[in-house]
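> Structure in structure tokens, see below.
Just so it is clear, none of the values below were taken in a lab; they were calculated from the coordinates. All of these numbers come straight from a predicted model, not from anything done at the bench. Heads up, the Cβs are rebuilt from the backbone with ideal geometry, glycines too, and the neighbour counts pull from every protein chain shown.
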Amino acid sequence: MANTDNILADSIRHIPHLAAWDDAFSKMFSDKDGSKLLVYLLDSVDTSALDDLAWQYDVTGNNGYNLATTDDQKRAIIKNALNLHRYKGTVWSLKNALISIGYGDAVIVEGDEESWANFSLTVDLGGRALNALEITNVTNMINLYKPKRSILVGIIYKTSFDDALSADDLFDLNPSDDTVETVYVGQGKLRDGTYNHDGSIDRSSDSDSLIWQILPA
């Protein structure tokens, strides 16, 4: 009975040395999972292969891979690698690089009152946390994919929080004068006579938005 694992065509299988080669390799791989060899099926390839594929497709580091926090994002940046490199230096490439790492809602605003070449990004974080390293990595990635003529002037991150939250901003006006500036949000208003009860202060229980801008060094 013929071995169904043989790959030689019937027209050449009668040649002894080819048949021996075919039999040897079919036995060698008969108990192996062939799907493990299909490393370019990026939706199903084993997670352990993703780092090597990112290196092969040159999307490691600031090219986006260091900002991918999930397997899906890692697969997305690798799958988009060819087009990201092909169109690098265009707004399309920048937008798609941001989509790959979960910044699909980012809004790119080109031009301002100072220069047509300036541009900024607005990112809605929702409830997601953000740290200084991610801000640095995002800035570096943007500068890699943006058009050479364009100048990143700022990234604006938006988030929402409950009225009960208050934020303290500590800073030095000068080395000899320590000052504390307290920002109260929503209902967090002091009743010390500072505010007039004339309807100008919103004391409703709705949510508030905080927007801060980070300027590149």
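> Whole-Å semi-axes of the range 1-159's equivalent ellipsoid, largest first, each the root of 5 times a Cα gyration tensor eigenvalue?
Equivalent ellipsoid of the range 1-159: 49, 17, 11 Å, largest first.
> Moving to a separate point now. What nm value, rounded to one decimal, do you get for the distance between Ala129 and Asp105 when each label is placed 7 Å out toward the C-beta?
Distance between label points: 1.9 nm.
> In whole angstrom, how far apart do the alpha carbon centroids of the range 88-136 and the range 45-74 sit?
Using only Cα atoms, the two centres lie 20 Å from each other.
> With only alpha-carbon atoms in the gyration tensor, what are the semi-axes of the equivalent ellipsoid for the range 40-79, in Å, largest first?
They are 14, 11, 8 Å, listed from largest to smallest.
> Residue by residue through the range 104-116, which ³J(HN,Hα) values in whole Hz follow from phi under the Karplus form 6.51 cos²θ - 1.76 cosθ + 1.60 (θ = phi - 60°), with glycine and proline marked x?
Once rounded to whole Hz, the list reads x, 8, 4, 10, 9, 10, 9, x, 8, 5, 8, 6, 5.
> Hey, another quick one. For a test of the definition: using alpha carbon positions, the gyration tensor, and the 1.5 limit on a/c, classify the range 94-156 as rounded, prolate or oblate. All intermediate terms of the calculation are to be shown ahead of the outcome.
Values: a/c = 1.79, a/b = 1.61, b/c = 1.11.
Cα axes put the range 94-156 in the prolate bin.
> Can you list residues from other chains, or at least 5 along the same chain, whose modelled amide H is less than 5 Å from the amide H of Val59?
Amide H neighbours of Val59: none.
> Please turn the phi angles of the range 124-129 into ³J(HN,Hα) values with the Karplus equation 6.51 cos²θ - 1.76 cosθ + 1.60 (θ = phi - 60°), one per residue in order, whole Hz, x for glycine and proline.
Each residue's phi maps through the Karplus curve to give 8, 6, x, x, 7, 6 Hz.
> So for the range 45-136, considering every pair of alpha-carbon atoms, how many percent are separated by more than 18 Å?
Percentage above 18 Å: 49.
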